[in-house]
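Q: Following this message is one structure expressed as structure tokens.
The values are calculated or read from the model by the stated rules, or taken from the named source; none is laboratory data. Being a predicted model, the structure only gives us computed values, none of them experimental. Every residue, glycine among them, receives a Cβ derived from its backbone with ideal geometry; neighbour counts consider all protein chains shown. Areas reflect the complete protein model, heavy atoms only, side chains present, ligands, DNA and RNA absent. Shrake-Rupley method; radii C 1.70, N 1.55, O 1.52, S 1.80 Å.
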Amino acid sequence: DGIAQHESRTIGGLQADMARPTMLLGREGQLALLMGVRVDGVDVALRNQTRRVVRGDRLVSTIAESNYFTALSQSAALSSRVHATLGVRGDVFRQSVVDRTTGLAGGVAGTRTTGVVSPRFSLDAVAGRGVRITAQIGAGFHSNDARDVVQAPRAVVVLPRALGMELGARRTWAGGSVAAALWQTTLESELVFVGDEGVTEASGRTRRIGADLEGRVRLVPGLWADADLNLARGRFRDEP
């Protein structure tokens with residue numbers, strides 16, 4: 001009763017950005033614009049196998065997914081040491097699924113277009129010689145399996161919201177740098193992949209908190225050493 005999973009993917013994209021200095025309420029800043037597109041072509045399959053010999057198809061799909069995105073941000077100097085940036089990003093997804101399953105079993109097919117807008121705000125401050133502190137908060141999302149998206153009822157959210165927050169500091173000097181950050185990410189819905197069925201299931205809200213530490217030091221001219229430590233704690237919010 002074994003299963004065999006297969007995926008092959010081709011990714012292409014194009015991104016362009018521009019920036020120009022601005023004066024906003026008498027304060028120097030920068031206006032930045034970003035636009036782009038990413039296209040994924042995916043062949044996925046779930047098949048029955050015994051002792052690594054494939055016996056038949058359970059689900060076979062060809063998926064085309066396009067992501068068109070644009071982002072606009074404005075930064076401003078609040079003082080000689082503090083800068084603020086306010087931005088917004090828009091994403092549009094078009095997902096198309098073609099069922100190529102052979103035999104009695106049938107897969108999912110269809111096309112759907114969805115979109116989401118994500119704001120962001122950050123503060124950047126110089127706290128001393130070589131010391132910089134950053135704080136940021138922003139909304140985002142995570143994309144779903146295209147097969148789930150095209151068959152979901154119109155009232156179902158297929159681009160679940162995410163909210164991220166981070167507070168960090170970095171100290172740099174001629175011979176290296178050290179940095180630390182605390183962060184939290186919450187998701188409106190988390191996906192769990194059910195391998196035996198080749199589908200995903202939404203499992204409710206989640207929260208992750210963590211800390212990142214990194215260091216870089218020059219041992220001798222031309223030789224550097226790096227170290228990173230990343231800690232994270234993830235929990236389902238609606239489950240025991």
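Q: Please state the relative contact order of segment 111-200 as a whole percent: Cα pairs under 8 Å, 6+ residues apart?
A: Computed value for segment 111-200: 25 percent relative contact order.
Q: Any chance you could tell me what percent of the C-alpha pair distances in segment 143-183 go past 16 Å?
A: Within segment 143-183, distances greater than 16 Å cover 62 percent of Cα pairs.
Q: Ordering TRP183, TRP173 by how much accessible area each has at a 1.4 Å probe, largest first, what is the list?
A: Output order, biggest surface exposure first: TRP173, TRP183.
Q: May I ask you to derive the relative contact order of segment 141-240, considering only C-alpha pairs under 8 Å and at least 6 residues apart, and to give it as an integer percent?
A: 21
Q: May I ask for the Rg/Rh ratio of segment 123-240, computed from Cα atoms with Rh as the Kirkwood radius, given to two decimals?
A: Here the Rg-to-Rh quotient is 1.14.
Q: Let me ask something else about it. Based solely on its DSSP helices, what 222 nm [θ] is calculated for the chain when runs of n ≥ 4 H residues each add -39,500 (n - 2.57) and the sum is averaged over all residues, nearest 500 deg cm²/dmol?
A: -500 deg cm²/dmol
Q: Out of ALA76, PRO119, ALA19, whose Cα points farthest toward the positive end of the dipole of the chain (charges: +1 Lys, Arg; -1 Asp, Glu; placed on Cβ)?
A: Value computed over the given set: ALA76.
Q: If you consider only alpha-carbon coordinates, what radius of gyration and Dmax does segment 1-135 have, in Å?
A: Answer for segment 1-135, Rg first and Dmax second: 23.8, 72 Å.
Q: Given 4 °C and 1.567 mPa s, compute D for segment 177-240 with the Stokes-Einstein relation, Rh being the Kirkwood radius over Cα pairs; round to the nearest whole µm²/s.
A: Calculated translational D: 88 µm²/s.
Q: Test of understanding: what is the full-extension gain from LEU72 to MET18, defined as 0.36 nm times their sequence separation minus their Cα-Cα distance?
A: Taking 0.36 nm per residue and subtracting the Cα distance, the gain is 18.4 nm.
Q: When only alpha-carbon atoms count, how far does the chain stretch along each of its three principal axes, as whole angstroms with the largest first?
A: 69, 45, 43
Q: Turning to a different aspect of this structure: Tell me, what is the Rg over Rh of segment 94-172, with Rh the Kirkwood radius over Cα pairs?
A: 1.30
Q: Moving on to the next point. Using a 1.4 Å probe and ignoring any ligands, DNA or RNA, find the accessible area of PHE93 and quote it in Å² to the nearest 10.
A: 10
Q: For segment 3-69, what are the per-bin percents of Cα-Cα distances with bins 5 Å wide, up to the bin holding the maximum?
A: That works out to 4, 13, 14, 11, 9, 9, 8, 8, 6, 5, 4, 4, 3, 2, 0, in percent per bin.
Q: Could you work out the equivalent-ellipsoid semi-axes for segment 39-78, taking the square root of 5 times each eigenvalue of the Cα gyration tensor, largest first, in whole Å?
A: In descending order, the three semi-axes are 46, 12, 6 Å.
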